[in-house]
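Peer 1: Before anything else, here's the structure in question.
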Amino acid sequence: MAYTTTIVRHKTREVGVDDHIVGGNNPIWVQSMTTTNTFDVEQTLAQIRLLEEAGCELVRVTVPKKEDVEGVKALRDHIKIPLIADIHYDYRMALACIEATTPSGRRAVDKIRINPGNIGGIDRFKEVVRKAKDKGMPMRIGVNSGSLEEDLIEKYGFPCPEAMVESALRSIEIAESLGYHDMIVSLKASHVPTAVECYSLFAQKSDYPTHVGITEAGSREYGTIKSAAGIGAIVLRGIGDTIRVSLLGDPVPEIEVCYDILRSTDRRVTKPEVVACPTCGRLDIDLERIVAEVEARMKVLTKPLRISILGCLVNGFGEAKEADIGIAAGSGKGIIFKRGVPIRHVKEDVMVEALWEEVMRFEEDTPPLASFVEKEKQKKAKMSLPVVN
């Protein structure tokens, strides 16, 4: 579906992560991370499969010990999505993961993630870069506000956006001096305004693709809101090539939140969006029940439709024009609209079924919503022209 506002995406170079191409005009991929000990292959594999079922497209596992390197060797042959090794502090784990292969002979990880601020210095970072270049392994440069290099803290006084961007650009410059360019960059902060400014400033200075997230977002409830505010603000600026919502506990719910953020910001619409008016005193139909039933039915669809369900006739006719298909209802009955044009009168007890029938009939070649809205504007403009005698 075409919307009325176009967001220009920040143009980034492409980096291959197994069969997923990150950056350019490719989809904004959804990523998550396991919470298990990677050396516990059975539990880690079970969690990855649940993430795959939920729609996760890249998965990261932590590799702090040698046993975890053996874990990734055992995992990769049994999962469908790219596997990323998360490395902190011990650069030798990065080297081991780059070298690691599975029993079938394929490489065990498809990307490594390191934080140059805690990897043990420039010389060790260079060693990892050389190995990654030699093996054709992509890397995420993960800059975090909590682990900046000491000289940058001294220079800026605190982990501000300028310090974080300088850290990222410094790492890129070192890698490029060694002939390495297969990098994705993240600049995560727990403070939402800081994160938004970091990514915005980095996008002005670099064309490397970015992984976007709000680190340490918190509990599932507040972390969802915080992530939506931060990630949403960033992707609405056209920035971001992969995203992750970092929630406390089970990672599986992160996936739905990621897709909801992308859908609500119109960055990647993979299923219908159901829009409903707020509850107010004008309602005289069971709008909450109707919306719940419609949302339950729409979960099986992948059509990028906007479906509007409006519980009164005061604003319903006008607002229905902003959706592909909509209902304006009141007094136990309603009118179904298609792109603002009334097509059917229905009673409340069959409203959901009637709407479902119209969604099923919706043709892919229906004119884009943007062109419809423009025609309506032109029509209104002509109607408002002064009369000339």
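The values are calculated or read from the model by the stated rules, or taken from the named source; none is laboratory data. This structure is a prediction, so every number in the text was calculated from the model and none was measured. Please note: Cβ atoms are built from the backbone with ideal geometry, for glycine as well, and neighbour counts cover all protein chains shown.
Peer 1: Restrict the check to segment 145-161 and report whether at least one residue is in contact with a strand residue (DSSP E or B) (Cβ under 9 Å, 6 or more places away or on another chain), hydroxyl-bearing (Ser, Thr, Tyr), within 30 Å of residue 248 (Cβ to Cβ) and free of Cβ contacts under 8 Å to residues at least 60 places away in the same chain.
Peer 2: no
Peer 1: If I ask for residues that are more than 22 Å from residue 21 (Cα to Cα), of a type in the set (Val, Ile, Thr) and either in contact with a Lys or Arg (Cβ under 8 Å, 6 or more places away or on another chain) or part of a helix (DSSP H, G or I) (or both), which ones from segment 93-127 would you list?
Peer 2: Once the filter is applied, which keeps residues that are more than 22 Å from residue 21 (Cα to Cα), of a type in the set (Val, Ile, Thr) and either in contact with a Lys or Arg (Cβ under 8 Å, 6 or more places away or on another chain) or part of a helix (DSSP H, G or I) (or both), segment 93-127 yields 102, 122.
Peer 1: Of all residues in segment 132-157, which are surrounded by fewer than 19 Cβ atoms within 10 Å (Cβ to Cβ), within 23 Å of residue 111 (Cα to Cα) and among the charged types (D, E, K, R)?
Peer 2: Residues satisfying the conditions are 133, 134, 135.
Peer 1: Something else about it: What are the pairs with Cβ atoms under 6 angstrom where one residue, in segment 44-62, is within 14 Å of residue 112 (Cβ to Cβ) and the other, located anywhere, is among the aromatic types (Phe, Trp, Tyr) and at pLDDT 95 or above? Sequence gap at least six, or different chains.
Peer 2: Every condition considered, the pairs that remain are 58/29.
Peer 1: Residues that are in the same structural domain as residue 202 (by TED's automatic domain parsing), within 17 Å of residue 199 (Cα to Cα) and surrounded by fewer than 20 Cβ atoms within 10 Å (Cβ to Cβ): does segment 112-124 have at least one?
Peer 2: no
Peer 1: Filter segment 69-93 down to the residues that are more than 26 Å from the chain's Cα centre (by Cα) and under 11 Å from residue 114 (Cα atoms), then identify the one that is surrounded by the most Cβ atoms within 10 Å (Cβ to Cβ).
Peer 2: 93
Peer 1: Something else now. Could you please let me know if residue 2 is small (Gly, Ala, Ser), modelled with pLDDT under 95 and surrounded by fewer than 22 Cβ atoms within 10 Å (Cβ to Cβ)?
Peer 2: Answer is yes for this residue.
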